[in-house]
Structure formats: C-alpha cells, structure tokens
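**Student:** Handing you a structure now.
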Amino acid sequence: MSALLTAEGLHLHFGKVAALDDVALEIHPGEVVAIVGESGSGKTTLLRVLAGMMAPQQGQVLYAGEDVHAMGEAARRRLMRSDWGFVHQNPRDGLRLRVSAGGNVGERLMAAGARHYGNIRAEATEWLKRVEIDPARIDDMPLQFSGGMQQRLQIARTLVTRPKLVFMDEPTGGLDVSVQARLLDLIRALVAELGLAVLIVTHDIAAARLLAHRMLVMRRGQVVEQGLTDRVLDDPQHPYTQLLVSSVLAA
Amino acid sequence: MSAIRTEGLSKDFTLHLQGGIRIPVLRDVDLAVAPGECVALAGPSGAGKSTLMRCLYGNYGAGSGHVWVSHDGREVDITNADAREVRAVRRDTLGYVSQFLRVIPRVPTQQIVAEPLMARGAGREEAMAHAAALLKRLNLPATLHGLPPATFSGGEQQRVNLARGFAPGYPVLLLDEPTASLDAANREVVVALIAEAKRAGTAIIGIFHDTEVRDRVADRLYEVAPLQDAA
C-alpha cells in the first residue's frame, strides 16, 4: 500500500525562528496521525504547509504523486473540494455564517457536483443526524448554535463529500470536556466507517492516544520523536517527549 | 515454529528528567512459546515482568534484541517493524489484556468488545452477538452492555477488558493479571477461557499473582530475575 501524502525536507523560517526544520512524514490510507507539541512548535504551520495553504521555503509535499505546491491554485482548490477536507480549530473559519446549517453541508456537495435539491437536502439531513444535530434545525444559522454544535456542523460539512484525507487543527480545542468526549467518539466512528486518513494537530495528549494510530512529536520546528502512539507515550525516548508525557494530568 | 519468541531482548529506561539516569530492567531475555502453550512469568515484584509483557506487545521499544511474532506465515520483529505493521500484527495475531481499561468515553461496552472483531472483518451483527455472549459468560448482564464502562466497578471493567481480549481468538495472547480483581466464580470463567484458547492453539503468556490460577493454567514458568545493578 503506497502513501497517500508524502512530505520531504520541509523548511520554513520566520525570520530567525524555524517553524519547520527538515520535516518529513507520510500518511497512508485509513491512517490517523497525530502531531503534538507545545504552542509555537510548528505543528499548525506543518499542517498548513501539508494542506497547500502555505508554501515551504524548501522541500516537497506530494499527494498521490503530485507536487501540492507546484500544481497551481485551481488544481489545489479542486483537491480541497474532492479529496481533502480541513477542520479548523475555530468552526467559524470553516463554516459560512450567513448560510443555514443545511446549506453549509449542501454547499460542499454542490461544489463537488451534486445538483438535485431534494437529494442534497436529504443528504444534509442525514449528516446532521450523524453528527447529532437535530434535523429540525436544518434551516437555523450556525451562529444560533453552541460552539460544540458548530464544530460538529463543520465536521459534517467537511466529511459529506467523503474525502480521502482530512486535516484537523485542534478540533476539540476550546470546547467543554463533555463536548470533547462526544466529538472524539464521533470522529473515531466516522474515521473507522469511512476509512479516512486523518492528520490531526492537537495539544491534547489524551485525545491523541485514543484517536491516533501514529504520533509525531514536534519541538522548535523539528520532529523529535515519532512512531506508534502508545509506544511514543508509554516509552518516550526524547527528553522533550518525556517532559510532555510527564506533564499530562491524569483524570 | 514458535508463536512468539524473544532473542537477546534487553531493555533499559533513560530518565532524561532525572539527570539522564539509566535503569536497566531486562537483560538478554530468550523466551519462546509454542502454539497452545501457556507460560507464566514468575519473579518478585519489580523484576520486570510487566516491562517484558509491554515489550512483547510493542508498547515498549527494546534496547536491543528482537521480539519475533508469527504473523501471516512469517515472523515479524515487533521491536523494529514500522507502526503500520505493528497495527496489523495487533489486529490479526497479537492480543493484550492489560490491567486497566482505556477507552473513548461514551462508547457502549458491547461495542468495545465487538470492535476488534469487526476490525478483523466480522460483520457487525455477528460481532455484536459474539460480544454479548462473551460478556454474559463473564457475568456482565445484558442491562450493562449498552452502557459505557466508565462507571463500572474495577472487576466489571476487568471483565470487559477480558471479553475484548478473548473475543477475537488471537493466535498469541498476553494476559497481565487477568484475575486480579475478580471473585471466585469469574476466576473460574477465566480459567476455562484460557483452557479453551490453548486447545484452539493460542500461545499465552501471562502474569498471575494468584498462584492457584497460575498452576492450573500454566504449562511452565519463566523466571524473570531482577538485575543486580538495578537494585
């Protein structure tokens, strides 16, 4: 089985600060990979570079053999509509706030080519149910929803087109713990059911343990340790990973 | 061919936060277990029995040496295989019943037990039925099957863990104190499950503090001796 996405030798410096310092990674179909590390370690930058939203100064990102940063804006947008999804930390960045909940989900279907209104509405209804939003609220605006509901709506909007690869930037950040648990359960179930590959950036180590098959630990723009999630967390080798793991509060 | 074997397995821990102190735990462990055989790890507390179990599962890396698991017609070295291959071995071949249940909140008990079966390709209905039967056998009533185990007692959680570990019929099964918080009736169920698994050809490595259970299920003991320089 070959890799879906491959990155090699990524470098990106902001002035003297190395956001990415020789980073390489690959992700295979059906694989959930977590990128963890403290704020400023470069993990969100890495996600944005991999998703083609930001160009590296050196290095290459290949998706299905194609160079993501050389393919041009139109091709990249097409990829974002068909094969990829991006779940932002703040749902307001991923939703259209002046469009109804159903419209948010349906819009992505239309962008992917769906035309029949009845089918689109039926599918949007189905997805609201899957993310546990009452379908009676299909015509409500996202701003009438709580933060947790907005995040679930964003996930529905992202997954409705059944992407192969989903980038998630702190999807449970800023939510109540009870809402986080619900979201984790939802993401886990959808990943298993749809066979998605997911790259998830998080500083929530406990969430990463439950969701991710594999983990990368970043510090100062470098991947200092990576491997099987439970091995990285239970037998950390790098001093920074040991610090990170020992700093987690056990609930 | 052994179902699982180690070759010169050594493990020490380097604690960078404690000034880089090195704690050697295992030195040159050579252990081989055949299909249908049950080996109990023996040795005093702190000798490294749990560390060895975790190395066998690939949860801990090895300092040196190998852990070979017969998987899909060949031997895979768990200590050096890449993460995807370790996942495949764990899905199809290697099961581990730890002392503690670690699961996503909100997932119902029956589904937790059925999941490894579905990962191996069983249909949902079949997997759920098998999970329910095994949970019942471990005296967890059907009223609990739809609830997440977070609020269960220690003994109940351990039985959920056991059901999940025994359900798929892994060719190699690691059991870390499988009867630690069980009453006599449930201990008997576990003894029977181990005997059945052995007859089905499962290789079992276990840590059993309950010596009565140990002597009933184990074919032999493997002594894990504390290292001199660790004292």
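The values are calculated or read from the model by the stated rules, or taken from the named source; none is laboratory data. Just so it is clear, the structure is predicted and the values come from calculations on it, not from any experiment. Cβ sites come from the backbone with ideal geometry, for glycine too, and all protein chains shown count toward neighbours.
**Student:** Output the residue which, of all residues in region A:112-161 that are among the basic types (Lys, Arg) and surrounded by 13 or more Cβ atoms within 10 Å (Cβ to Cβ), is nearest to residue A:81 (Cα to Cα).
**Tutor:** A:157
**Student:** Another question, then. Here are the criteria: (1) outside any helix (DSSP H, G or I); (2) of a type in the set (Gly, Ala, Ser); (3) more than 17 Å from residue A:154 (Cα to Cα). Tell me which single one residue A:173 does not satisfy.
**Tutor:** (3)
**Student:** Do you know which residues across region A:1-37 are in contact with a Gly (Cβ under 8 Å, 6 or more places away or on another chain) and not in a strand (DSSP E or B)?
**Tutor:** Listed by number, the residues that qualify are A:29, A:30.
**Student:** Looking at B:206, B:201, can you tell me which residue is part of a strand (DSSP E or B) and in contact (Cβ under 8 Å) with a residue 24 or more places away in the chain?
**Tutor:** Sole residue among the options that is part of a strand (DSSP E or B) and in contact (Cβ under 8 Å) with a residue 24 or more places away in the chain: B:206.
**Student:** If you scan region B:72-114, which residues turn out to be in contact with an Asp or Glu (Cβ under 8 Å, 6 or more places away or on another chain) and either in contact (Cβ under 8 Å) with a residue 24 or more places away in the chain or polar (S, T, N, Q) (or both)?
**Tutor:** If the condition is that a residue be in contact with an Asp or Glu (Cβ under 8 Å, 6 or more places away or on another chain) and either in contact (Cβ under 8 Å) with a residue 24 or more places away in the chain or polar (S, T, N, Q) (or both), then B:92, B:93, B:96, B:97, B:98, B:99, B:105, B:106, B:107 are the ones that fit.
**Student:** For region B:111-122, state whether one or more residues are assigned to a helix (DSSP H, G or I), away from every other protein chain (no Cβ under 14 Å) and farther than 30 Å from residue B:221 by Cβ.
**Tutor:** Within region B:111-122, one or more residues are assigned to a helix (DSSP H, G or I), away from every other protein chain (no Cβ under 14 Å) and farther than 30 Å from residue B:221 by Cβ.
**Student:** When residues of region A:172-188 are filtered for being of a type in the set (Gly, Ala, Ser), more than 16 Å from residue B:150 (Cβ to Cβ) and either at the interface with chain B (Cβ under 9 Å from one of its Cβ atoms) or buried (at least 19 other Cβ atoms within 10 Å of the Cβ) (or both), how many remain?
**Tutor:** Qualifying residue count, region A:172-188: 0.
**Student:** Something else now. Anything in region A:91-106 that is buried (at least 16 other Cβ atoms within 10 Å of the Cβ) and among the hydrophobic types (A, V, I, L, M, F, W, C)? List them, or say none.
**Tutor:** Result: A:95, A:101, A:105.
**Student:** Of all residues in region A:1-18, count the ones that are at pLDDT below 95 and within 15 Å of residue A:43 (Cβ to Cβ).
**Tutor:** 3
**Student:** Scan region B:21-31 and give yes if some residue there is closer than 22 Å to residue B:195 by Cβ and crowded, with 17+ Cβ neighbours inside 10 Å, otherwise no.
**Tutor:** Yes, region B:21-31 contains a residue that is closer than 22 Å to residue B:195 by Cβ and crowded, with 17+ Cβ neighbours inside 10 Å.
**Student:** I'm checking my understanding of the structure. Among residues of region B:87-106 that are at the interface with chain A (Cβ under 9 Å from one of its Cβ atoms) and among the aliphatic types (A, V, I, L, M), which one is farthest from residue A:211 (Cα to Cα)?
**Tutor:** B:103
**Student:** Quick test of your reading of the structure: residue A:240 fulfils all but one of (1) part of a helix (DSSP H, G or I); (2) surrounded by fewer than 21 Cβ atoms within 10 Å (Cβ to Cβ); (3) more than 11 Å from chain B (Cβ to nearest Cβ). Name the failing condition by number.
**Tutor:** (3)
**Student:** Return the residues of region B:47-86 that are among the acidic types (Asp, Glu) and either farther than 22 Å from residue A:210 by Cβ or more than 9 Å from chain A (Cβ to nearest Cβ) (or both); say none if nothing qualifies.
**Tutor:** B:72, B:75, B:77, B:85
**Student:** Buried (at least 21 other Cβ atoms within 10 Å of the Cβ), facing chain B (nearest Cβ under 10 Å) and farther than 23 Å from residue A:40 by Cβ, is that true of residue A:165?
**Tutor:** no
**Student:** Looking only at region B:49-105, filter to residues that are charged (D, E, K, R) and in a strand (DSSP E or B); which one of those is farthest from residue A:228 (Cα to Cα)?
**Tutor:** B:74
**Student:** With crowded, with 17+ Cβ neighbours inside 10 Å, part of a helix (DSSP H, G or I) and under 18 Å from the mean Cα position of the chain (by Cα) as the only criterion, which of A:79, A:109 stands out?
**Tutor:** The conditions single out A:79.
**Student:** Restricting to region A:183-210, name every residue that is without any contact (Cβ under 8 Å) to a residue 24 or more places away in the chain and either among the small types (Gly, Ala, Ser) or within 10 Å of residue A:172 (Cα to Cα) (or both).
**Tutor:** If the condition is that a residue be without any contact (Cβ under 8 Å) to a residue 24 or more places away in the chain and either among the small types (Gly, Ala, Ser) or within 10 Å of residue A:172 (Cα to Cα) (or both), then A:189, A:192 are the ones that fit.
**Student:** Return the residue satisfying two criteria in turn: it lies in region B:1-42 and is within 14 Å of chain A (Cβ to nearest Cβ) and not in a strand (DSSP E or B), and of such residues it is farthest from the chain's Cα centre (by Cα).
**Tutor:** B:19
**Student:** Hey, which of the strands (runs of 3 or more DSSP E) in region A:192-235, taking only ones fully inside, have at least 1 residues that are within 9 Å of chain B (Cβ to nearest Cβ)?
**Tutor:** Those strands (runs of 3 or more DSSP E) span A:214-219, A:222-228.
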